[in-house]
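**Student:** This is the structure I want to talk about, given as structure tokens.
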Amino acid sequence: MIRKLIHQARRRLFHGCCDWRRHNASHSPSAYIQIIAAKFLLEVLGAAGAVWGNCDIFLLRTTDEGNRISRIYSTIVGFIFLIRYYWHAKHRYQTGGDFIPVKDQHRRTHRVEFVQIHASKFILQVLGGAGATWGSAEVLTLRNPSTTSEWRLASIVVGCIFLIRWMFQISAYCLCIPARDPTTFMMTALRFFDAFIITFILEVLGSAGAVWGSSEIATLRHPETNETWRIIASIVGIIFFFRWLVHLKSFFQSERGVSITVKNADEVKDLDNSIEDLQLKESDSAETEVTVVEEYPIMNEAVPVIRQEPSGVVDRQVSLEYPTESTSMLDNQPTGVLHRQISVRDSPPPSPKHFFPSPRRQQLEP
């Protein structure tokens, strides 16, 4: 299994790495530069700074040898995220958007994607949340030798909160958390908590902490240049603060229409291919077999329930509804219901083969 994962990762790492042909890019150059610049700061410098800051939080940099090892690990992580950033920047240049989760099979079978997605989230969000708190406190001169213990405890608490959130994200990704109504108070509170607190820590405090930590990793910051880099980190934090305010405005506008329903098949064709967890498989028709599909929502999917009816020829339309509400605080998929019409004629209904075995064909009495 490990060899297979390494082979898949190697193939995806180098296949098409130099292809920069644009396919469907409608963004302007200024918007593209703004997005990739923010991603470089938050994800590349932020990843290296998160590792560097957590090494300081957990007292791994108390000696010269610890400093040297922590700098090596932080540099390696930053280089890995630089490669990841290259692919995301190339994909956005070609298509005008980020990668979407492609699930030709059930998402639990995508081991490489699972490791890549959640390992990145662990470094950028769990370690990043603790590192952002730790680094921004020093940028604002709130952390000094007399308050180090208090800020170390505060950073660990923030990291634990993000760790619990990360575990819930894994459960939602594996479809272990049932879908909930996005208009309920709890879901609304989670969205507001994500937009206000989570985004503020990861992007505003994280941007300042990323500049502060990465400058020390690169040995550009030392006691003689501390004040210069403090000014630079503060300016970057202010820029991302105003960026956060703009995102809040967009968030309030989107909250006005949280429930949407997409019924146009042409509009949901590409999206449905990316979120389709229920595989539809056609079988041979039989004149004496007639089945009726009824919806039974379970684990965020449309699961067919089979009941027998008298024999005959059936030609009708069956509607399967796929709830697409957000099950994690960072899942930005549109909420609502995707409607698909399927023609069923004398054939067994589709079955979710990843949860239940295919139903056996039963001969009906005449």
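The values are calculated or read from the model by the stated rules, or taken from the named source; none is laboratory data. Since we're looking at a predicted model, the values are computed, not measured. Backbone-built Cβ (ideal geometry, glycine too); neighbour counts: all protein chains shown. Heads up: the accessible areas ignore ligands, DNA and RNA and are worked out on the full protein's heavy atoms, side chains in. Shrake-Rupley method; radii C 1.70, N 1.55, O 1.52, S 1.80 Å.
**Student:** Quick one: how many residues across region 144-186 are within 26 Å of residue 256 (Cβ to Cβ), within 18 Å of the chain's Cα centre (by Cα) and either without any contact (Cβ under 8 Å) to a residue 60 or more places away in the chain or exposed (fewer than 12 other Cβ atoms within 10 Å of the Cβ) (or both)?
**Tutor:** Qualifying residue count, region 144-186: 0.
**Student:** Here is a follow-up. Any idea how many residues of region 187-204 are open to solvent by less than 40 Å² (accessible area, probe 1.4 Å) and among the aliphatic types (A, V, I, L, M)?
**Tutor:** Residues that pass the stated criteria total 6.
**Student:** While we're on this one: Taking helices (runs of 4 or more DSSP H) that do not extend beyond region 1-78, which have at least 3 residues that are at pLDDT 75 or above and not hydrophobic (A, V, I, L, M, F, W, C)? Lay out the reasoning, then the answer.
**Tutor:** Numbers: elements: 2-14, 29-39, 46-57.
Filter on region 1-78 gives 29-39, 46-57.
**Student:** Another question, then. Within region 122-139, can you find the residues that are open to solvent by 30 Å² or more (accessible area, probe 1.4 Å) and free of Cβ contacts under 8 Å to residues at least 60 places away in the same chain?
**Tutor:** Hit for region 122-139 is 122, nothing else.
**Student:** I'm told residue 228 meets every condition in (1) at pLDDT 95 or above; (2) of a type in the set (S, T, N, Q); (3) out of contact with any Gly (no Cβ under 6 Å at 6 or more places or on another chain); (4) surrounded by 13 or more Cβ atoms within 10 Å (Cβ to Cβ) except one. Can you identify the failing condition by its number?
**Tutor:** (4)
**Student:** Further, regarding this structure: I need a count of the residues in region 165-193 that are more than 19 Å from residue 81 (Cβ to Cβ) and touching a helix residue (DSSP H, G or I) at 6+ places or on another chain (Cβ under 9 Å).
**Tutor:** First, the residues of region 165-193 that are more than 19 Å from residue 81 (Cβ to Cβ): 165, 167-168, 170-193.
Applying the additional criterion that residues be touching a helix residue (DSSP H, G or I) at 6+ places or on another chain (Cβ under 9 Å) yields 165, 170, 173-177, 180-182, 188, 191-192.
Matching residues across region 165-193 total 13.
**Student:** Still on this structure: Counting only residues that are outside any helix (DSSP H, G or I) and out of contact with any helix residue (DSSP H, G or I) (no Cβ under 7 Å at 6 or more places or on another chain), which one in region 143-164 is nearest to residue 232 (Cα to Cα)? Steps first, answer last, please.
**Tutor:** Applying the first criterion (outside any helix (DSSP H, G or I)) to region 143-164 yields 143-147.
Then keep just the ones that are out of contact with any helix residue (DSSP H, G or I) (no Cβ under 7 Å at 6 or more places or on another chain); that gives 144-147.
On the way: 144: 19, 145: 23, 146: 25, 147: 23 Å.
Here the answer is 144.
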